[in-house]
Amino acid sequence: MEGTLIYPHQLFDQHPALAKGRKVYFIEEPLLYGKDKHWPLKHHARRQALIKEAGDRYLEVLLGEGYELEVISLGVELSTSREMLDQLPGGLEKVVLCKVVDDLLERRLEQWAEDKGVTLDWVDSPNFLTPEAWWRNYFQGKVKPFMAHFYKAQRKRLGILLDDEGEPAGGRWSFDEENRKKLPKDYQQPELPEQKPFDQSTKSWVARLFPDAWGTANGNQGLPRTHHEAEAWLEVFLQERFETFGDYEDAISSRFATQQHSVLTPMLNIGLLDPVKVVDRALEYGEAYQVPLNSVEGFVRQVIGWREFMRCMYELYGRKMRMENFWGFEHEMPRCFYTGRSGLPPVDNAVRRVLETGYAHHIERLMVFGVIFQLCHVKPTSVYQWFMELFVDAYDWVMVPNVYGMSQFADGGKFVTKPYVCGSNYIRKMSDYPKGGWCEIWDALFWDYIAANRSFYAEQPRLGMMVRQLDRMGEVKLEGHRKLAREYRERIHRGWECEEELF
């Protein structure tokens, strides 16, 4: 007897593991909901609602198409992958399923299959557009993987944005340098497409199973829960925000959360959008409406470059990466970074928006959250937990390389060339945040961090200027920075929360 296994992050329109006459088993996997008793997480309520309701809609479609279906439901009595898998019928000889792209879940599946004598027939996941055989061959023998090189190879492999000679359109592989404009003072954010609130039954389910979840699923604005809704969401992005996406891709705002961003990842990461179709449609629209090349290339780079590259880094190095702590930080995440009461306006505004929506764009994640967590000596496992718990698009394959490899440099630079840290000047340059008391705190933390890691920075050719700036500062000023930094860190790690922002 054969069966098809589908997990809640595999809601593919054309699911390659489906076959008429083969029963479908839909498993509400505890790991994916943070309910695994060995790996508990308090995921954002909006994330839980999206997965649940999108999954229910998907099952309705499968039933309508004539598939025999059994749901192994999440509940308090089943709290591990093994307990869920043991609910499958004993006569199964072969299970067909897409790659789950979750290291622990995959290992548990393999162990269960070995114990039960079941054959697992793995199929490449449509959630990614790069065949596993291709990327494993590409990275074989590479001492240090670089996203830029991978992205170039992807462009050539896919024939995207190339001229007749196979060279990059516009003469450059990346237009990243043109994508660093600040939002204009009179900027008004285009509204996201209106979405119905989550069903009351979904909200009740979230409240019952996840009473301690961060954020809320009770807002007036839901998220797309079907393929059609997700594709319509993509179209609105192309029509209303794509043209200047590139210009303001790195901008930070005190007033606006989504700006010109697509906000596709919540749907993309559970299979409601196909990355191949997303790229094809963006290229088609870009050509038809003469969207500036820096916007088209910048968007394409996020999908075929960064997203695919991070999946590869997770598969190749994730298990080792998540055990590493290059800087040796040992502090848990301070509560103020969960509540938006750190006293640092760029952090607090963004945290409060995340609590409401489960979303922040990539520069806020990297250069606001990622930087401040490093400067406050938060250990990588706590940073990983924070990102997993607060974001609606959070999955293990996303967060392990982005946290341990990129934002926290916890792996010592497996695939990035430098740590991502900055002083307050960068935040102000890319945003509308005014100078204020928060700058003094931020800069004190920054220079204390550079001083503490002086030997590392002195050995890096691209980063030596920071040490030279440190040397020109003078002992009195530096000691003032370091004293203020210590005092601030001590306060927040004792549980202090600021009642007013330090403008």
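The values are calculated or read from the model by the stated rules, or taken from the named source; none is laboratory data. For clarity, every value in this text was computed on a predicted model and none was experimentally measured. Neighbour counts are summed over all protein chains in view; Cβ atoms, including those assigned to glycine, are modelled from backbone coordinates with ideal geometry.
Pairing residues of region 372-392 that are closer than 24 Å to Glu487 by Cβ with residues that are part of a helix (DSSP H, G or I) and among the charged types (D, E, K, R), at Cβ distances under 6 Å and at least 6 apart in sequence or on separate chains, gives Cys376/Arg489. Pairs meeting the criteria (first residue in region 191-210 and under 23 Å from Leu74 (Cβ atoms), second residue hydrophobic (A, V, I, L, M, F, W, C) and exposed (fewer than 14 other Cβ atoms within 10 Å of the Cβ), beta carbons under 9 Å, at least 6 apart or on different chains) are Leu209/Val76.
Per-residue answers, yes or no, for (1) under 19 Å from Glu2 (Cα atoms); (2) in contact with a Leu (Cβ under 9 Å, 6 or more places away or on another chain):
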{"site": "Ala54", "(1), (2)": "no, yes"}
{"site": "Ser73", "(1), (2)": "no, no"}
{"site": "Leu78", "(1), (2)": "no, no"}
{"site": "Leu92", "(1), (2)": "yes, no"}
{"site": "Lys99", "(1), (2)": "yes, no"}
{"site": "Lys116", "(1), (2)": "yes, yes"}
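Can you tell which of Leu268, Leu272, Leu316 is in contact with a Leu (Cβ under 9 Å, 6 or more places away or on another chain) and aliphatic (A, V, I, L, M)? Please lay out each step first, then the result.
Values: Leu268 fails: in contact with a Leu (Cβ under 9 Å, 6 or more places away or on another chain); Leu316 fails: in contact with a Leu (Cβ under 9 Å, 6 or more places away or on another chain).
Step by step, each of Leu268, Leu272, Leu316 is checked, and only Leu272 is in contact with a Leu (Cβ under 9 Å, 6 or more places away or on another chain) and aliphatic (A, V, I, L, M).
Given (1) outside the structural domain of Tyr7 (by TED's automatic domain parsing); (2) closer than 17 Å to His9 by Cβ, identify the lone condition not met by Lys142. For Lys142, the failing item is (2). Exactly one residue out of Val371, Val392 is crowded, with 22+ Cβ neighbours inside 10 Å and within 19 Å of Leu50 (Cα to Cα), and it is Val392. Taking Val143, is it assigned to a loop (DSSP other than H, G, I, E, B) and of a type in the set (A, V, I, L, M, F, W, C)? Judged against the criteria, Val143 is a match. Can you name the residue in region 92-149 that is in contact with a strand residue (DSSP E or B) (Cβ under 8 Å, 6 or more places away or on another chain) and among the basic types (Lys, Arg) and, of all such residues, is surrounded by the most Cβ atoms within 10 Å (Cβ to Cβ)? Within region 92-149, the match that is surrounded by the most Cβ atoms within 10 Å (Cβ to Cβ) is Lys99. When we screen Tyr433, Tyr420, Tyr404 for residues that are in a loop (DSSP other than H, G, I, E, B), closer than 26 Å to Leu41 by Cβ and in contact (Cβ under 8 Å) with a residue 40 or more places away in the chain, the only hit is Tyr420.
On the given criteria, is Glu440 of a type in the set (Asp, Glu), closer than 30 Å to Leu223 by Cα and part of a helix (DSSP H, G or I)? Working first, answer last.
Working: of a type in the set (Asp, Glu): yes; closer than 30 Å to Leu223 by Cα: no; part of a helix (DSSP H, G or I): yes.
The answer is no for Glu440.
Scanning region 12-32 for residues that are closer than 14 Å to Tyr58 by Cβ, over 23 Å from the mean Cα position of the chain (by Cα) and assigned to a loop (DSSP other than H, G, I, E, B) yields Gln14, His15, Ala17, Leu18.
The set of residues in region 475-495 that are on the phi < 0 side of the Ramachandran plot, loosely packed, with under 11 Cβ neighbours inside 10 Å and within 34 Å of the chain's Cα centre (by Cα) comprises Glu490, Arg494.
Given the structure, is Gly3 of a type outside the set (A, V, I, L, M) and in a loop (DSSP other than H, G, I, E, B)?
Details: of a type outside the set (A, V, I, L, M): yes; in a loop (DSSP other than H, G, I, E, B): no.
No: the conditions fail for Gly3.
Filtered by the rule that a residue be under 13 Å from Gly75 (Cα atoms) and hydrophobic (A, V, I, L, M, F, W, C), region 11-31 gives Ile27, Leu31. Look through Gly222, Gly215 and report the one residue that is surrounded by 16 or more Cβ atoms within 10 Å (Cβ to Cβ), touching a His at 6+ places or on another chain (Cβ under 7 Å), touching a residue at least 12 places away in the same chain (Cβ under 8 Å) and not in a helix (DSSP H, G or I). The unique qualifying residue is Gly215.
Pull up region 168-193, narrow it to residues that are exposed (fewer than 13 other Cβ atoms within 10 Å of the Cβ) and in a loop (DSSP other than H, G, I, E, B), then point me to the one that is nearest to the chain's Cα centre (by Cα).
Kept after step one, since they are exposed (fewer than 13 other Cβ atoms within 10 Å of the Cβ), are these residues of region 168-193: 171, 177, 184-186, 188, 191.
Adding the requirement that they be in a loop (DSSP other than H, G, I, E, B) leaves 184-186, 188, 191.
Numbers: Pro184: 27, Lys185: 29, Asp186: 30, Gln188: 26, Glu191: 22 Å.
Ranking the candidates gives Glu191 first.
In region 270-293, which residues are surrounded by fewer than 22 Cβ atoms within 10 Å (Cβ to Cβ) and of a type outside the set (A, V, I, L, M, F, W, C)? Result: Asp274, Pro275, Lys277, Asp280, Arg281, Glu284, Tyr285, Gly286, Glu287, Tyr289, Gln290, Pro292.
Restricting region 425-439 to residues that are over 25 Å from the mean Cα position of the chain (by Cα) and not charged (D, E, K, R), which is surrounded by the most Cβ atoms within 10 Å (Cβ to Cβ)? If we take residues in region 425-439 being over 25 Å from the mean Cα position of the chain (by Cα) and not charged (D, E, K, R), then Trp438 is surrounded by the most Cβ atoms within 10 Å (Cβ to Cβ).
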